[in-house]
Amino acid sequence: MIPASVVTPTQNLHRGLRSPAAQTKGSYRAWESKMDFENIGEIIATRRLQFLDESDIKRAVSVFVGKPQQSSNSIYYCPFQVIGIGSQKTQAAQGQDSIQALQSALILIAARLNHLNVELGGTLSWDGGNKGDLGFPL
């Protein structure tokens, strides 16, 4: 288990990963399939989004949520990761129990995606939602 002292919303649990923007189009899919989820633990939920890049090419964005786990000091953490845009870092939300940790993760994911969507000029979308709705709580 990860000690509570290192479980923060900005914790980087994956190291040495290259951004897809730094790679060629041909290697992007290979990079995504080689992702090591060892530190995120068991993945309990995923969401596929897409965005139009500067060349009007649709690119996949994946959100992964790990199973909430209890740390050694009884606080729970819920790891999550956004792949395809941004930093690619695995982050973790905290809570007093597993439900609160999961809720906190969904709120942090929403904030991160909304911030990235503003940076991308509103081109991030989810097939299950209306324009601007990425399907996460605000």
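The values are calculated or read from the model by the stated rules, or taken from the named source; none is laboratory data. All figures in this text were calculated on a predicted structure; none of them were measured in a lab. Heads up, the Cβs are rebuilt from the backbone with ideal geometry, glycines too, and the neighbour counts pull from every protein chain shown.
Which residue out of 109, 57 is under 23 Å from residue 133 (Cα atoms) and modelled with pLDDT under 95?
Numbers: 109 fails: modelled with pLDDT under 95.
The match here is 57.
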How many residues of region 90-105 are surrounded by 15 or more Cβ atoms within 10 Å (Cβ to Cβ) and not in a helix (DSSP H, G or I)? The answer is 6
Before we move on, is residue 108 assigned to a helix (DSSP H, G or I), aliphatic (A, V, I, L, M) and touching a residue at least 60 places away in the same chain (Cβ under 8 Å)? yes
Tell me yes or no: at least one residue of region 125-133 is part of a helix (DSSP H, G or I) and more than 21 Å from residue 41 (Cα to Cα). no
